[in-house]
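Only one structure is covered here, and it is reproduced in the block below.
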Amino acid sequence: MDLAVIGRAVVMFAVTNVDDVVLLALFFGQATRRSVVVAGQYLGFAAILLASVLVGLGAGLLPEHLLPLLGVVPLALGLRAAWSAWRDRDDEPSVQTGPGLLAVAGVTLANGGDNVGVYAPVFAVSGTADTIVYAAVFLVLVAVWCAVGLFVASRPVVGRALTRWGHVLLPVVLIGIGVLILLDLL
């Protein structure tokens, strides 16, 4: 196994997924079942890997100029969450159900357009063995990212802030991500 490939994979993953730690902390802060957040993260990231491999092989899942349209997913989820928070602002706090599997996966996929843009060219010039190493390292690092997100969310100060402000922060972050992704269309 080539340590240089592993090193490049770690750096590529970290650079393209640093913002996911914030999203994961927000999701874990609202989740009633942590396994849903982890499964959603893996599902979304698997879609990113699949798209990257297909684009890298030249099959092209989506034309590159359409990737920013994925910003509609977090934007819509953020607007929905903002509407729910505004609509329920005077209600007594209820039991939170937290984000669903498909919501986490959708946000992960939508936020991963930059990942596809970085991974696909690397996969295009890498051999099959190196691409498998990249994918394996990325999948291990998804677990690390989930652990970091859970760690951040479980800090008492952060946990109290997420409990108190998570219903406001999540829509703001999702809308911001959606807008930033859509701005790539310009």
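Worth pointing out:
- Condition check for residue 59: surrounded by fewer than 16 Cβ atoms within 10 Å (Cβ to Cβ), at pLDDT below 90 and part of a loop (DSSP other than H, G, I, E, B): yes
- The sole residue among 169, 185 that is of a type in the set (A, V, I, L, M), at pLDDT below 85 and more than 18 Å from the chain's Cα centre (by Cα) is 185.
- Among the candidates 140, 122, 152, 95, residue that is modelled with pLDDT under 85, of a type in the set (A, V, I, L, M, F, W, C), open to solvent by 20 Å² or more (accessible area, probe 1.4 Å) and within 21 Å of the chain's Cα centre (by Cα): 122
- Residue match in the range 35-42 (condition: open to solvent by less than 60 Å² (accessible area, probe 1.4 Å), at pLDDT below 75, of a type in the set (Gly, Ala, Ser) and within 15 Å of residue 174 (Cβ to Cβ)): no
- Of everything in the range 125-137 that is open to solvent by 30 Å² or more (accessible area, probe 1.4 Å), outside any loop (DSSP other than H, G, I, E, B) and of a type outside the set (A, V, I, L, M), the residue that is farthest from residue 15 (Cα to Cα) is 128.
- Against the conditions (1) open to solvent by less than 50 Å² (accessible area, probe 1.4 Å); (2) among the aliphatic types (A, V, I, L, M); (3) modelled with pLDDT of 85 or more, residue 161 satisfies every one except (3).
The values are calculated or read from the model by the stated rules, or taken from the named source; none is laboratory data. Predicted model, so just to flag it, every value in this text is computed and none were measured. No Cβ is skipped: glycine too gets one built from the backbone with ideal geometry, and neighbour counts run over all protein chains shown. SASA here: full protein model, heavy atoms, side chains in, ligands and nucleic acids out. Shrake-Rupley method; radii C 1.70, N 1.55, O 1.52, S 1.80 Å.
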